[in-house]
Amino acid sequence: MTDADADADVIVVGAGFAGLSAARALAGAGLKVVVLEARNRVGGRTHTVERSGVTLDLGGQWIGPGQSRIAALADELGVDTYPQYDDGDDVVVRAGTVVRVASPALAFAKEELLGYLELVAALEALADTVPTDAPWQAPKAAALDRQTLATWIDGRGVPGAATELFEVGVQAVFAATSADLSLLHVAHYVAAAGGWSALTDTTGGAQERRIVGGLEPLARRLAEQLPGGVQLDSEVLGLDWDRDNDGVTVTVQRRAPAAVGSDLGGTMGPGGSTGARIEWLRARRVIVAVPPTVAQRIAFDPTLPPARDQLMANMPGGSVIKFHVIYPTPFWRAAGLSGQVIAPGAVVGATFDSTAPNHVPDGPGVITGFFEAAHATAAGRHSQQDRRQMVVDHLVAALGEKAAAPQDYVDLDWSAEPHTRGCYGAHLPPGAWTRWGPELRHPVGPIHWAGSECATRWVGYIDGAIESGRTTAAEVANQLQPNAPSGAHHRYDGDPHGRDPHHSPTERTDV
């Protein structure tokens, strides 16, 4: 395909942080890029809304130490961060008994806590053996991938309470149970984050800081900077590709007027749709930057190689419903509580205080939490009103009668989102990594892959999505501009500080 035959050098499918980062890098390299997004908004698995005068993140919400890409992006765009509220005592609910403690660890007996720490240490030792860019090449990859995390835990012989506490962390990280997960997959995830506590902790971990104004607005700013903007309400139905890398014809279903140009205009909202229409666009390369379960629903012609197809079929998204409960005031703070409730085995495993950073004494307070894994599947069968009551009952038991009268409640079932089909990221069951893992980032002719699942650091997080988008963009630019100066494409990674994309995951980023 010649430049004259193509509508774009590269079409990016998906306007989450991976797709937007790829598009930005490619545009910076001088390539013509078109970004297609099926939703009427950008941001992918982030979604920021206003409710009862409060800004709420219904998707991704936190960043933490070592996540240098998202921190640098916020800094570049002039957006501040602030610490997640973590003052006061936590509440632990065990078998209906409510315990107020300075740290959740204090709610467990010594042997129970030692059992938990033994699980963490053993898992981190396994993670140290797993290459983050090729987990299937770990020395004991076959053995690790042959079993579930649950089977491995059962074999450790630790007290039941230790496994219950550990399971809270598992479901909080993966939105899946330990029985769903390959041990190799979990070890890879831990390695990519730099440790278990990096994934699960608030202070010092992935939940340490929040973005002023929410995360989705960062994606909007990225989209607004693209020379061609983002074409919203534009669902990719099919990719007709050439085995000889001679380009791709993209079948697009438009549900609203396309936004072409740097002004994203009215397509940031749902208005103006006059019914669906089908269009075809041609590009020299395509980057698919949507979750694997969504990518699998695209019609590929010719069909994808079996290994690639099977990989996507074995990468389900987690099951999670995220909720926010808005109260007239953050009453728990006055009682010396942090708002963090840890409840092993309960319908809601963990909650956080998401009250606005500029909170005034009489202003609203927000408790944020999640239905996860099997609890999310079950809760998804109920109405939002029923889920509200489940959450309120849980909070009354943990925080007292003042929790019985919220002024508002909102939630989002990410499994029911047609263009996401699960959060926080995809996970792999036993056997999948060693059988199909090498296909994860491998291009299929002119089709390339990006997304948080494709990252080598902070897999499943926005920071990983940014890494993946930039890496895939460099891969594509190297193909389309083979005569560019050596290393030139790596300078278009969108990081104004030129940080090494393979920095240590334990590097702290102060923002």
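The values are calculated or read from the model by the stated rules, or taken from the named source; none is laboratory data. A quick note: this is a predicted structure, and the numbers were derived from the prediction, not measured. Every residue, glycine among them, receives a Cβ derived from its backbone with ideal geometry; neighbour counts consider all protein chains shown.
Quick notes
- The criterion of being touching a residue at least 24 places away in the same chain (Cβ under 8 Å) and within 26 Å of the chain's Cα centre (by Cα) does not hold for ALA109.
- Among the residues making up region 143-173, a single one is among the β-branched types (Val, Ile, Thr), more than 26 Å from THR351 (Cβ to Cβ) and in contact with a strand residue (DSSP E or B) (Cβ under 9 Å, 6 or more places away or on another chain): THR148.
- Restricting GLY195, GLY229, GLY238 to residues that are farther than 22 Å from CYS423 by Cβ and either in contact with a Lys or Arg (Cβ under 6 Å, 6 or more places away or on another chain) or at pLDDT below 95 (or both) narrows the list to GLY229.
For every residue, the table says whether it meets (1) in contact with a Ser or Thr (Cβ under 7 Å, 6 or more places away or on another chain); (2) in contact (Cβ under 8 Å) with a residue 12 or more places away in the chain; (3) in the same structural domain as ALA8 (by TED's automatic domain parsing).
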| site | (1), (2), (3) |
| --- | --- |
| GLY425 | yes, yes, no |
| PRO438 | no, yes, no |
| GLY451 | yes, yes, yes |
| TYR461 | yes, yes, yes |
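- Here VAL130 passes the criteria (1) closer than 23 Å to GLY451 by Cβ; (2) touching a Phe, Trp or Tyr at 6+ places or on another chain (Cβ under 9 Å) except the one numbered (2).
- Those residues of region 443-488 which are within 30 Å of TRP62 (Cα to Cα) and outside any helix (DSSP H, G or I), in sequence order: HIS448, TRP449, ALA450, GLY451, ALA455, THR456, ARG457, TRP458, VAL459, GLY460, TYR461
- Given (1) part of a strand (DSSP E or B); (2) crowded, with 22+ Cβ neighbours inside 10 Å; (3) not assigned by TED's automatic domain parsing to the domain that holds ARG282, index of the condition VAL49 fails: (2)
- Cβ-Cβ under 8 Å pairs, at least 6 apart or on other chains, region 7-22 side closer than 21 Å to ARG254 by Cα, far side of a type in the set (D, E, K, R) and assigned to a loop (DSSP other than H, G, I, E, B): ALA8/LYS32; ASP9/LYS32; VAL10/LYS32; GLY14/GLU37; ALA15/GLU37; ALA15/ARG39; GLY16/ARG45; GLY19/GLU37
- Single residue of region 344-373 satisfying the filter (charged (D, E, K, R) and in contact (Cβ under 8 Å) with a residue 60 or more places away in the chain) that is farthest from VAL325 (Cα to Cα): GLU372
- LEU26 falls short on exactly one of the conditions (1) of a type outside the set (Phe, Trp, Tyr); (2) more than 16 Å from ARG210 (Cβ to Cβ); (3) out of contact with any Phe, Trp or Tyr (no Cβ under 9 Å at 6 or more places or on another chain), and that condition is (3).
- Boolean, ARG297 is basic (Lys, Arg), crowded, with 19+ Cβ neighbours inside 10 Å and either modelled with pLDDT of 75 or more or not in a loop (DSSP other than H, G, I, E, B) (or both): no
- Any hit, region 302-321, residues being among the charged types (D, E, K, R) and assigned to a strand (DSSP E or B): no
- Pair list, Cβ < 6 Å and 6+ apart or interchain, from region 395-408 residues that are surrounded by fewer than 16 Cβ atoms within 10 Å (Cβ to Cβ) to residues that are assigned to a strand (DSSP E or B): GLN407/ILE326
For (1) in contact with a strand residue (DSSP E or B) (Cβ under 8 Å, 6 or more places away or on another chain); (2) under 18 Å from ILE70 (Cβ atoms), each residue gets a yes or a no:
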site: PHE17; (1), (2): no, yes
site: ALA25; (1), (2): no, yes
site: VAL34; (1), (2): yes, no
site: ARG41; (1), (2): no, no
site: ARG45; (1), (2): no, yes
site: ARG51; (1), (2): yes, no
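- Residue within region 4-25 that is outside any loop (DSSP other than H, G, I, E, B), surrounded by fewer than 22 Cβ atoms within 10 Å (Cβ to Cβ) and modelled with pLDDT under 95 present: yes
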